Amino acid sequence: MPPTIASPSMPSASKNTAWQQRSRRHVWHPCTQSIRLEAVPPLPIARGEGVWLFDHDGRRYLDATSSWWVNLFGHAHPAINAALKDQLDTLSHVMLAGCTHAPAVELAERLAALTGHALGHCFYASDGASAVEIALKMSFHAWRNAGRAGKQNFVALRQGYHGETLGALHVTDVPVFRDAYAPLLANAHLVASPDARAAGPGEDAAAVARRAAAELEALLAERHASIAAVIVEPLVQCATGMAMHDPEYLRLVRALCDRYGVHLIADEIAVGCGRTGSFFACEQAGIWPDFLCLSKGISGGYLPLALVMTRDAIYQGFVDDDVARSFLHSHSYTGNALACRAALATLDLFEHEDALRRNRARAERLVGRLRKGLHGMPVDHLRQRGMITAFDVREPGARFAERFHLAARANGLLMRPIGATVYLMPPYAIGDDDIDRLVDGTLATLEAVAVSAHAEEGGRDAALA
């Protein structure tokens, strides 16, 4: 029998209820309309194992979103656990200003090697948004150090998402996150998304990519003297509804940035670490950016960690006796030893489990079963890139994402659609049986939600990602 969801109407004997009440009383939940917490109480998670999360009543839920895209190899992985336990007995943290330590050095070395040393230097941060802010600051500062202080504007894609701190919102184009803070933000130049769903008659994904790149070219031709960088999410714009594009777009943008003397920032926070089928999404286009941001999966979903990789030539531009030419950005936990050690253990798993090759078979099974099951259902644009699979629901009705999330819980899944887009991004530890459970549960949830699509009138759907 599938597990049922915990709700305020369930008997107080549920061990979940007290945690839900305490959480509502004192925890300010992210990406959540607080007024909806009574109708959609937070799901109390007691423990995790592999692809499964367990509540306090022992019900289990398949983590279909990898806990907001951070978990790669499953919960409580014994190899990462062992590495962290060993690191705890050695060094938990030391400031990286004036000091260094083995996990930070070794992680930077190994990541540089994965780029063929195209990106040779690594600056550590705490989360994805701060990594984006660091890349933006580095780009502007690098141009200023090069005597081109007028290059202080940025270009971003429409519907792009790069985080919710003020600097990251500057290059984010998702209204639900940006609009309330618009008076505090500078305006970036916005250009067309290469979203393959925008294909017109006779167009394929590559044609959409070329059309979007042409709009960027027109902007750079006119404004390149004042533009520091273009920022993109390579291959998949996740928070806008898993909008996928052809690698041709990245090749064209790299060529345009080279032609017009503009930096390219690749935000691989969500799409890096193998999510798109290669360790770095940019690899599929055969290009390297000037700055590459990583976070989420880099620590295996264990600890907050982010980083910005950049070219040695850019790093050298900051090496100077003049303190004003140095990059003095910092935060207290920069290069935290525990987080870096978790990342090293995660990189080991890519090698030891041949994860990228194994993921290809997993992805094929998932999309194949989903394609068959969705036949004849009211959905469009089934699409996949690596371990990210998504489809769009026609006429989803009011509060679709919220209703789907609750119905998925009843089917033993933890899922959070983005608007009318249902996506599946499970941990790499998922096996064939669990893939079948995930697909069957997704189809059952879609059927349950479709039946009640018009049951609730009004209300803004703000359940995201």
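Laid out as a table, the results:
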{"read-out": "T172 vs. criteria in contact with a helix residue (DSSP H, G or I) (Cβ under 6 Å, 6 or more places away or on another chain), of a type in the set (S, T, Y) and assigned to a loop (DSSP other than H, G, I, E, B)", "value": "yes"}
{"read-out": "Residue that is farthest from G160 (Cα to Cα) [pool: residues in the stretch 204-218 that are open to solvent by 60 Å² or more (accessible area, probe 1.4 Å) and touching a helix residue (DSSP H, G or I) at 6+ places or on another chain (Cβ under 9 Å)]", "value": "D204"}
{"read-out": "Residue that is farther than 19 Å from A209 by Cβ, out of contact with any Asp or Glu (no Cβ under 8 Å at 6 or more places or on another chain) and not charged (D, E, K, R), where the choices are G277, G261, G286", "value": "G261"}
{"read-out": "Every pair of residues 6+ apart whose Cβ atoms lie under 9 Å, when the first sits in the stretch 158-176 and is within 14 Å of I418 (Cα to Cα) and at pLDDT 95 or above while the second is part of a helix (DSSP H, G or I) and open to solvent by 70 Å² or more (accessible area, probe 1.4 Å)", "value": "none"}
{"read-out": "Test: residue in the stretch 357-367 that is among the basic types (K, R), under 24 Å from S295 (Cα atoms), surrounded by 15 or more Cβ atoms within 10 Å (Cβ to Cβ) and in contact with a helix residue (DSSP H, G or I) (Cβ under 8 Å, 6 or more places away or on another chain)", "value": "yes"}
{"read-out": "The stretch 132-165 - residue that is farther than 19 Å from L250 by Cβ and under 16 Å from the mean Cα position of the chain (by Cα) and, of those, least open to solvent (accessible area, probe 1.4 Å)", "value": "G163"}
{"read-out": "Subset of the stretch 303-354 [among the hydroxyl-bearing types (S, T, Y) and open to solvent by 50 Å² or more (accessible area, probe 1.4 Å)]", "value": "Y315, S330, S332, Y333"}
{"read-out": "Test: R59 is farther than 25 Å from T389 by Cα, at pLDDT 95 or above and either open to solvent by less than 50 Å² (accessible area, probe 1.4 Å) or of a type outside the set (A, V, I, L, M, F, W, C) (or both)", "value": "yes"}
{"read-out": "Considering residues of the stretch 260-302 that are assigned to a helix (DSSP H, G or I) and of a type in the set (A, V, I, L, M, F, W, C) only, the residue surrounded by the fewest Cβ atoms within 10 Å (Cβ to Cβ)", "value": "A285"}
{"read-out": "Close pairs from the stretch 49-76: first free of Cβ contacts under 8 Å to residues at least 60 places away in the same chain, partner of a type in the set (F, W, Y), Cβ under 8 Å, at least 6 apart", "value": "W52/Y61; F54/Y61; D55/Y61; H56/W19"}
{"read-out": "Selection within the stretch 117-157 - without any contact (Cβ under 8 Å) to a residue 12 or more places away in the chain and small (G, A, S)", "value": "G147, A149"}
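The values are calculated or read from the model by the stated rules, or taken from the named source; none is laboratory data. Predicted model, so just to flag it, every value in this text is computed and none were measured. Heads up, the Cβs are rebuilt from the backbone with ideal geometry, glycines too, and the neighbour counts pull from every protein chain shown. These area figures cover heavy atoms from the full protein model, side chains too; ligands, DNA and RNA do not enter into them. Shrake-Rupley method; radii C 1.70, N 1.55, O 1.52, S 1.80 Å.
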